[in-house]
Amino acid sequence: MEGFASLKAPSQATPFFSSTPRYWNLPSQLSFYKRSPFSTFSVRAQVESNDGLAAVATSGESVTEALKVKEWEVGMFQNEVAASQGIRIRRRPPTGPPSHYVGPFQFRLQNEGNTPRNILEEIVWNKDTELKERKPLIVLKKALENAPPVRDFIGALKAANERTGLPGLIAEVKKASPSRGILREDFDPVEIAQAYEKGGAACLSVLTDGKYFKGSFENLEAIRKAGVKCPLLCKEFIIDAWQLYYARTKGADAVLLIAAVLPDLDIKYMVKICKLLGLTALVEVHDEREFDRVLAIEGIELIGINNRNLETFQLDISITKKLLEGERGKIIRERDITIVGESGLFTPEDIAFVQEAGVKAVLVGESIVKQSDPAKGVSNLFGKDISLG
């Protein structure tokens, strides 16, 4: 459909506070508006008489309803881009906009509801709904100015690796997961974070998703304000650059970008924004194609290998070894990219296995957060005391 939505590409000179990636290969009727710093994404409606959507406007439908249809179409284009890169997680339900019109009298029919194919897709769809209620970026301006200084996330991991001879630990503050349910009933995020730090963690990962992991940005902020010195990773399902700015206002030093969800252009764009904000981007992969995609992106310094299949949630720590063999491992070493082993790590033998494969850091949650004393859980994980004192 031509002429309904015209969006213009943002100026190269004003990348700051642009909340939507720039898809330079969009069809001719779609481009992005130029936006000044702190502006919000806007759409211009142009209904032409020869446009099929003209019937929507002239039949009493509001422009807002018509824009919802066009928003869905843009989402479908994102799905097509993602699918071309092997991404199976759909950003939008696939069967159509919320409603459609049939017949000469424009009867309105509701489309049947769409069912996510796996838990990750369900989380992404829910996150998209959550973000519709977000505050404008301009509201974050003052909070960004007052955000605490960014700390060196990768530097902390490397220092821990050199000090202990073991992978630097990113200990995860996590109350629950979709696959395991509640992991810890007596959940005090600040107390757990302090115990991790005491036990020798180099960095912390804080779950901020509420619906599926029982986390919150309030937990992230509380840990930062409590004086915990470990750099903090905001463990969120990021689908929009706005989330990067928000994480920074809450005290994050690093953020997670999931290659199974984000097309290459999104990752490139978000990595650049992270550098503007001083954030470290941990880019997560879980198969060969995702790894190759990420290695082709300039500026990647930290890659996480998730041993969990993000669609089935099955675990296999041999994935880490498989992905780091051969040419990929050589590229990693040449570029001095830090590799983080994620998921399925419960014993000193597991840690030794991924370290032998080339991992310099590990992200662990379940096996230590469930311990009555998380600090002791850290020493049990590594088979020895790695604390500073």
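The values are calculated or read from the model by the stated rules, or taken from the named source; none is laboratory data. What you see is a predicted model, and the numbers here were worked out from it, not measured in a lab. We place every Cβ from the backbone using ideal geometry, glycine too, and count neighbours over all the protein chains shown.
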For Glu327, state whether it is assigned by TED's automatic domain parsing to the domain that holds Gly181, within 20 Å of Gly165 (Cβ to Cβ) and part of a helix (DSSP H, G or I). no
Residue, surrounded by the most Cβ atoms within 10 Å (Cβ to Cβ), within segment 253-269, restricted to residues that are touching an Asp or Glu at 6+ places or on another chain (Cβ under 9 Å) and closer than 20 Å to Val150 by Cβ: Val255
Considering each residue of segment 359-376, count those that are more than 24 Å from the chain's Cα centre (by Cα) and surrounded by fewer than 20 Cβ atoms within 10 Å (Cβ to Cβ), and give that number. 5
Leu282 vs (1) at pLDDT 95 or above; (2) surrounded by fewer than 19 Cβ atoms within 10 Å (Cβ to Cβ): all pass except (2)
Within segment 123-147, track down each residue that is touching a residue at least 60 places away in the same chain (Cβ under 8 Å), in contact with a Phe, Trp or Tyr (Cβ under 9 Å, 6 or more places away or on another chain) and in a helix (DSSP H, G or I). Ile123, Val124, Asn126, Lys127, Leu131, Leu137, Ile138, Leu140, Lys141, Ala143, Leu144
Mind checking whether some residue in segment 217-224 is out of contact with any Pro (no Cβ under 8 Å at 6 or more places or on another chain), aromatic (Phe, Trp, Tyr) and in contact (Cβ under 8 Å) with a residue 12 or more places away in the chain? yes
Mind listing just one residue for me: the one in segment 165-189 that is without any contact (Cβ under 8 Å) to a residue 40 or more places away in the chain and within 16 Å of Lys235 (Cα to Cα) and, of those, surrounded by the fewest Cβ atoms within 10 Å (Cβ to Cβ)? Ala176
Which residue out of Ile317, Ile337, Ile303 is in contact with a strand residue (DSSP E or B) (Cβ under 8 Å, 6 or more places away or on another chain) and more than 27 Å from Glu121 (Cα to Cα)? Ile337
Qualifying position, being in a helix (DSSP H, G or I) and assigned by TED's automatic domain parsing to the domain that holds Val283, among Ile332, Ile339: Ile332
Can you tell which of Leu137, Leu144 is at pLDDT 90 or above and among the aliphatic types (A, V, I, L, M)? Leu144
Suppose we keep only residues that are of a type in the set (D, E, K, R) and not in a helix (DSSP H, G or I) within segment 112-122. Which one would you say is surrounded by the fewest Cβ atoms within 10 Å (Cβ to Cβ)? Glu112
